[in-house]
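What follows is a set of notes on a single structure, which appears directly below.
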Amino acid sequence: MSLALTSRATVYDRYAISRKFTAQETAINVVQGNISLLVSESEIAELKNGNKTMYSKLATVEVDLKSITLAVSSSEYQDINGVLSAITQARASITLNSQQIQLKVSKDSIVSTINQSAEAISINANKINLNGIVTANGNFKILADGSMEAKNGKFLGSVTVGGIQDDRISILNASGVQIGRWDNKGIYAENCEFKYAIIGSDNFQTDFNNGRMTLYADYNNTKEWYARIYQSLVVSGSGYLGLHISSKHISLGIEYYKNNLAYSFDALTGTWDYDNNVGKIIFGNNNYNSTINVEVRGNLKVNGTTTLNNLQTQGSKNRIIRTKSFGVVAQSAYETAEPMFGDVGHGIINEFGICTIFIDPKFAETVSTEYGYYVFLTKYSSGDAWVSEKGLTTFTICGTPGLEFDWELKAHQKGYEFDRLKAVEI
């Protein structure tokens, strides 16, 4: 069984030259399991030049066993080359079913939606305006004046502060008292471990309290230039590191103290005497035999006199070489007029009067055997031995069968094949 109630308005001609046509429709359609309600109005306006514009409004309600949909729409059409084409359309709808509620509003290509299910609510729109106090789980608030309150926070992008006089980030202690701020003038921290930094035309000062970083240059009130950086627990002296730089006759030091004992270790100390134009740097002024490693990345130039006074040396002087296949290796330095590396070994001439020596492949990657190299022999019994052939990876010794010998090879360092007693400026 179905029931249909409809009404239609009469199309009328209002003007002789500029005409306007209006049509209205109201309908109720009821069938088993479905009810449809329709209200519509269409209007066509024809101008004197023949252009036509049609306006259409439509409101519908659809009810069945699965869902209820309410919709209102309006459209505007214009006559383009004899065809009425839509130039703007707007529609708002609400759809309900047992699983969700959907609200949708569209105008041409712009759409906003709100979807609500038992698990979540989703809002999609180009602009979302929230007025009043907004809260989330009681832990986050957006107040009416635009400020925010949160118990914790994490920013994964940039944060911009400043622009007007009162823009700032405030730092509070556990009692809610401000101990620092970050505003458009700078960063300030007071009554905490990090105190302040002042930069002016005459002085620069920083003070980090007990952690102990002191940086001064007071000039008029003396102190001139001083820097001191220490680990915490300076007062108790129960183990801390330190770096100090003083002024005038400059002293530089890196120090280590431990457990209130008379344990003092200067990894590096240095002084400069302006009056006599003399400086001094000491590595490892240390009575406790701790290990000091010094790595120089670049050229090392030494000019002056070496004095050994009650100095016990440990370890060796090395040249660090980066190889192609074996990573970084340490070469013991060999001082010659040309940059040379050396290797040594032992051999025995076989029954045929020949001994072939293979150059260590690691060593070979640090030198240039293609530019030539030198082999020196020391024999251990009567007989004879000599170098009969030198190759890129091997060299051959000929002589008396059974003769034992030591050999030493010297070759140019790779990349420095043509350097010899280079002049330097001191």
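The values are calculated or read from the model by the stated rules, or taken from the named source; none is laboratory data. Computed from a predicted structure; not experimentally measured. Please note: Cβ atoms are built from the backbone with ideal geometry, for glycine as well, and neighbour counts cover all protein chains shown.
Data table
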quantity	calculated
Residue match in the range 78-99 (condition: more than 51 Å from the chain's Cα centre (by Cα), among the charged types (D, E, K, R) and either at pLDDT 85 or above or surrounded by 15 or more Cβ atoms within 10 Å (Cβ to Cβ) (or both))	yes
The range 148-161 - residue that is small (Gly, Ala, Ser) and in a loop (DSSP other than H, G, I, E, B) and, of those, surrounded by the most Cβ atoms within 10 Å (Cβ to Cβ)	153
Filter result (farther than 12 Å from residue 84 by Cβ and among the aliphatic types (A, V, I, L, M)) within the range 27-44	27, 28, 30, 31, 35, 37, 38, 39
Residue list for the range 70-107, filter: in contact (Cβ under 8 Å) with a residue 24 or more places away in the chain, closer than 18 Å to residue 45 by Cα and of a type in the set (Ser, Thr, Tyr)	77
From 123, 114, residue being in contact with a strand residue (DSSP E or B) (Cβ under 7 Å, 6 or more places away or on another chain), among the aliphatic types (A, V, I, L, M), assigned by TED's automatic domain parsing to the domain that holds residue 54 and not in a loop (DSSP other than H, G, I, E, B)	114
Tabulated pairs, the range 364-388, first more than 13 Å from residue 347 (Cβ to Cβ) and touching a residue at least 40 places away in the same chain (Cβ under 8 Å), second surrounded by fewer than 14 Cβ atoms within 10 Å (Cβ to Cβ) and of a type in the set (A, V, I, L, M, F, W, C), C-beta under 6 angstrom, 6+ apart or interchain	369/392
The listed residue being exposed (fewer than 14 other Cβ atoms within 10 Å of the Cβ) and either under 13 Å from residue 354 (Cα atoms) or among the aromatic types (Phe, Trp, Tyr) (or both), out of 376, 395, 405	376
Some residue of the range 139-147 being small (Gly, Ala, Ser) and not in a loop (DSSP other than H, G, I, E, B)	no
Qualifying residues in the range 100-122 (those that are hydroxyl-bearing (Ser, Thr, Tyr) and surrounded by fewer than 15 Cβ atoms within 10 Å (Cβ to Cβ)) - the one farthest from residue 75 (Cα to Cα)	117
Positions within the range 47-77 being acidic (Asp, Glu) and either more than 22 Å from residue 108 (Cα to Cα) or surrounded by fewer than 11 Cβ atoms within 10 Å (Cβ to Cβ) (or both), in sequence order	62, 64
